[in-house]
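Worksheet for the structure shown next.
The values are calculated or read from the model by the stated rules, or taken from the named source; none is laboratory data. Just so you know, these numbers come straight off a predicted model, no measurement behind them. As a convention, Cβ positions derive from the backbone with ideal geometry for all residues, glycine included, and neighbour counts pool all protein chains shown. Heavy atoms of the whole protein, side chains included, go into the accessibility calculation; ligands, DNA and RNA do not. Shrake-Rupley method; radii C 1.70, N 1.55, O 1.52, S 1.80 Å.
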Amino acid sequence: MIPTTYKPKTKFMQLAIAEAKRARDRGDYAIGAVITQLIGNREVVIASAGNRVKTSGSSIKHVELETLKYVSSGYGRYLPDFVLYSTHEPCAMCAGACVWSKIGAVVFGVSQEDITAYGKKHGTEQFRWRACLISCKFVLEKGGLYIPVFDSFLRLECQKLFRYRASQINPSRSS
C-alpha cells in the first residue's frame, strides 16, 4: 500500500518526460510513463517507456497499459506498492488497467481536457491528440478501490510536450 503521506517525486516525472521526448524523436506521440515501487523508505524505478501507438500501428499500445503489463508480468497481478507516473492523464482504458492491477497510486501531468483543447487547435492528420473525456479519477472511483491520484504534477513541463519536435534534441547528445 502507498502511505497517505506519499508525495510524488519530480525526478520520476522528469524521467517520464525524457521517455516522451524519445517517443516523439522516433515518430510517436510524446507521451512517457514510469512505474516505481516503494520498498521501505525508498522508491525505485521498475519500468520506463515512451508511447508506441503510431510506431506499432496499434491504437491500443498506450504506454501506461504497456508498462503495467510489463511490470505485472514480473511482479505479479496486483501492484499495490507501485506508482504509475505518466506525462498525460491515463485514458479510460489505461485507468481501467490501473484498477485491475490495483496500482498503488497514479501521478500525471496534463489532463484529458488539456489534451482535447490542444488537439482541437493544433491537431493534424499525423498527430491528432485525441482524448477520451472520462477522467482517470472517475474510472478509478467506479473500480471500487481507493487509488490516490496526483494530477497536474509538473503540468507546465508536460504541456510543452504537445509542441516538442525532434529538432529540439540537445546538440551535445547527438554527437
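Descriptive notes on the structure:
- The stretch 20-57 - residue that is closer than 18 Å to residue 156 by Cβ and outside any loop (DSSP other than H, G, I, E, B) and, of those, most open to solvent (accessible area, probe 1.4 Å): 21
- Any hit, the stretch 161-175, residues being open to solvent by 60 Å² or more (accessible area, probe 1.4 Å), hydrophobic (A, V, I, L, M, F, W, C) and either in contact with a Lys or Arg (Cβ under 9 Å, 6 or more places away or on another chain) or at pLDDT 95 or above (or both): yes
- Of residues in the stretch 60-109 being small (Gly, Ala, Ser) and not in a helix (DSSP H, G or I), the one most open to solvent (accessible area, probe 1.4 Å): 76
- Candidate set: the stretch 110-143, residues that are basic (Lys, Arg) and assigned to a loop (DSSP other than H, G, I, E, B); chosen: the one modelled with the highest pLDDT: 130
- Qualifying residues in the stretch 1-19 (those that are open to solvent by 40 Å² or more (accessible area, probe 1.4 Å) and of a type in the set (A, V, I, L, M)) - the one modelled with the highest pLDDT: 15
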